[in-house]
Amino acid sequence: QMWEEAIALGKELAEQYENEMFDYEQLSELLRKQAQFYENIVKVIRPKPDYFAVGYYGQGFPTFIRNKVFIYRGKEYERREDFEARLLTQFPNAEKMKTTSPPGEDIKNSSGQYIQCFTVKPKLDLPSKFHRPVSEQIVSFYRVNEVQRFEYSRPVRKGEKNPDNEFANMWIERTIYVTAYKLPGILRWFEVKSVFMVEISPLENAIETMQLTNDKINNMVQQHLNDPNLPINPLSMLLNGIVDPAVMGGFTNYEKAFFTEKYMHEHPEDHDKIEKLKDLIAWQIPFLAEGIRIHGEKVTEALRPFHERMEACFRQLRDKVEKQYGVRAVLSSLDDRRGSRPRSMVRSFTMPSSSRPLSVASVSSISSDSTPSRPGSDGFVLEPLLPKKMHSRSQDKLDKDDLDKDKKEKKKEKRNSKHQEIFDKEFKSTDISLQQSEAVILSETISPLRPQRPKSQVINVISSERRFSVSPSPPSSQVTPPPITPRTKLSFSMQSNLELNGMSSSDIPDIPPPLPLKGSMADYGNLMESQDLVSPTTSPPAHQRVSP
């Protein structure tokens with residue numbers, strides 16, 4: 001169930017399949033597996049194994065474990081007693097130590113075998129990619145995996161004992177173990193390379209405890225929001241243990257121990273820490289409110305009296321905390337979990353078409369000093385029509401579109417603002433004229449590469465060919481078509497054949513081009529016998545004409 005590691009390996013394989021082997025079938029199957037892994041990370045609840053520190057002391061052990069400490073990763077739902085029994089079966093002659101403090105030199109140098117085993121807590125070390133708050137379901141993997149630092153806390157009493165409040169003089173002696181490699185790795189246990197100890201003051205311990213409690217409430221609330229089918233019993237126990245003062249006492253013990261004039265006078269350096277503790281107490285109220293709201297929605301009728309009592313206790317607690325430490329408010333958890341689109345993106349999808357500016361092409365064609373616009377808007381009426389669309393439309397279709405467009409124009413004018421109405425009145429006539437000039441209707445039999453010539457031009461070209469050519473007009477396949485240019489407006493003028501072919505009268509050469517190679521005697525049968533050059537602009541004499 002280490003799907004995060006499987007995804008990392010899958011990305012390496014995907015790179016090979018996509019860019020080296022070009023095996024798209026394997027790539028598609030791999031990506032489907034990765035999609036399932038991502039879904040499992042969010043939806044499947046995985047068990048959290050415990051970690052145990054094991055020390056082998058005495059000269060009776062092999063040298064590779066003698067007087068060394070190792071961190072073991074337990075199996076799923078494995079308790080410490082079960083792990084110890086499994087460990088002692090490997091060393092039946094070993095003696096189990098009763099304390100968790102480091103042993104003396106007498107035990108290390110003895111000839112026997114002594115095993116020390118206790119539970120340690122892995123210290124979370126999030127990867128750098130998580131630079132913002134993420135779901136607890138994603139973070140929970142890294143609380144027990146890819147960990148290299150482990151801690152063991154042991155309470156220590158200092159000073160005179162206070163029977164009324166045990167938190168006032170409870171110090172924490174915390175031992176940090178750092179392993180050679182991250183767990184889990186190729187093995188389920190690694191040697192401890194460094195050990196150091198820190199002391200936590202009673203006030204720092206209270207701050208840490210309040211922070212952990214708030215995180216626990218928030219995480220359980222998020223789990224119930226993500227999965228409404230979760231059982232309600234763990235939430236009931238957690239909320240009741242915090243809200244009902246008869247169960248655990250709540251943070252009243254902290255107020256008696258640290259929020260007094262005596263403590264402030266004896267420890268003036270702890271002023272900032274006391275303010276932080278007060279802030280954490282105030283922040284606990286909105287977390288509890290959300291948890292009780294969810295509990296009220298899911299509670300059964302049998303537990304309704306229990307819920308009502310818990311609500312009554314919470315109201316008293318909230319009034320007290322808000323009066324002493326202020327009011328805190330958090331955003332709705334649903335808004336935090338749901339990634340809403342930015343407001344700019346929502347506007348771009350919901351803006352009515354009547355309020356959008358015209359396109360760049362349409363505005364620039366109307367006026368150069370008009371308001372700025374953006375491409376991709378509703379100014380398409382001035383864009384040149386594509387030949388493919390014009391090729392398939394008929395006049396009836398265009399007339400029908402014009403009627404529909406007139407109806408839409410009337411509806412749009414009603415929705416427009418006063419500014420937009422003035423804009424439409426100024427440029428509506430220009431839009432219609434430009435649109436009509438661009439709509440050129442072609443027949444379906446015309447090739448899409450060039451427009452059809454008007455009949456007047458075709459007649460003019462045929463007459464000019466008969467008037468200027470020496471021989472009868474060649475087949476149509478030998479006529480050089482005019483160069484294809486981007487069509488803007490179809491405007492034709494009465495020109496000669498040479499002008500249509502891209503030559504002016506001044507560019508006519510004195511010597512005509514040579515005749516094509518003679519394929520047979522019939523090719524030149526209708527030409528004159530003489531090789532004298534005849535100007536193409538003058539008719540040959542009558543006696544030189546040869547009838548076919």
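The values are calculated or read from the model by the stated rules, or taken from the named source; none is laboratory data. Remember, it's a predicted structure, so these values are computed and weren't measured experimentally. Note that we place each Cβ from the backbone using ideal geometry, even for glycine, and neighbour counts take in every protein chain shown. Note: accessible area is taken over every heavy atom of the protein model, side chains too, but ligands, DNA and RNA are not part of it. Shrake-Rupley method; radii C 1.70, N 1.55, O 1.52, S 1.80 Å.
Structural remarks
- For the residue pairs Lys108/Lys161; Lys43/Lys298; Lys68/Lys256; Lys43/Lys129, alpha carbon separations beyond 32 Å are given by Lys108/Lys161; Lys68/Lys256.
- Taking max minus min of the alpha-carbon positions on each principal axis, the stretch 1-94 gives extents of 59, 31, 17 Å, largest first.
- In terms of accessible area, using a 1.4 Å probe and ignoring ligands and nucleic acids, Ser128, Ser153, Ser110 rank largest first as Ser128, Ser153, Ser110.
- Alpha-carbon centroid distance for the pair the stretch 151-204 / the stretch 244-320, whole angstrom: 26 Å
- The candidates Arg132, Arg86, Arg73, arranged from most to least accessible area with a 1.4 Å probe in the full protein assembly, appear as Arg132, Arg86, Arg73.
- Percentage relative contact order, the stretch 112-228, counting C-alpha pairs under 8 Å, at least six apart: 20 percent
- Sorting Val156, Val327, Val134, Val54 on solvent-accessible area from highest to lowest, probe radius 1.4 Å, gives Val327, Val134, Val156, Val54.
- Label sites at Phe196 and Lys262, each approximated as a point 7 angstrom past Cα along Cα to Cβ, lie 3.6 nm apart.
- Mean separation of Cα contacts under 8 Å, 6 or more apart, over the residue count of the stretch 45-122: relative contact order %: 45 percent
- The stretch 51-200 - convex hull of the alpha-carbon atoms, volume per residue in Å³: 171 Å³
- For the stretch 208-325: relative contact order, % (alpha-carbon pairs under 8 angstrom, 6 or more apart): 36 percent
- Computed with a 1.4 Å probe over protein heavy atoms only, the accessible surface of the stretch 36-75 comes to 47 Å² per residue.
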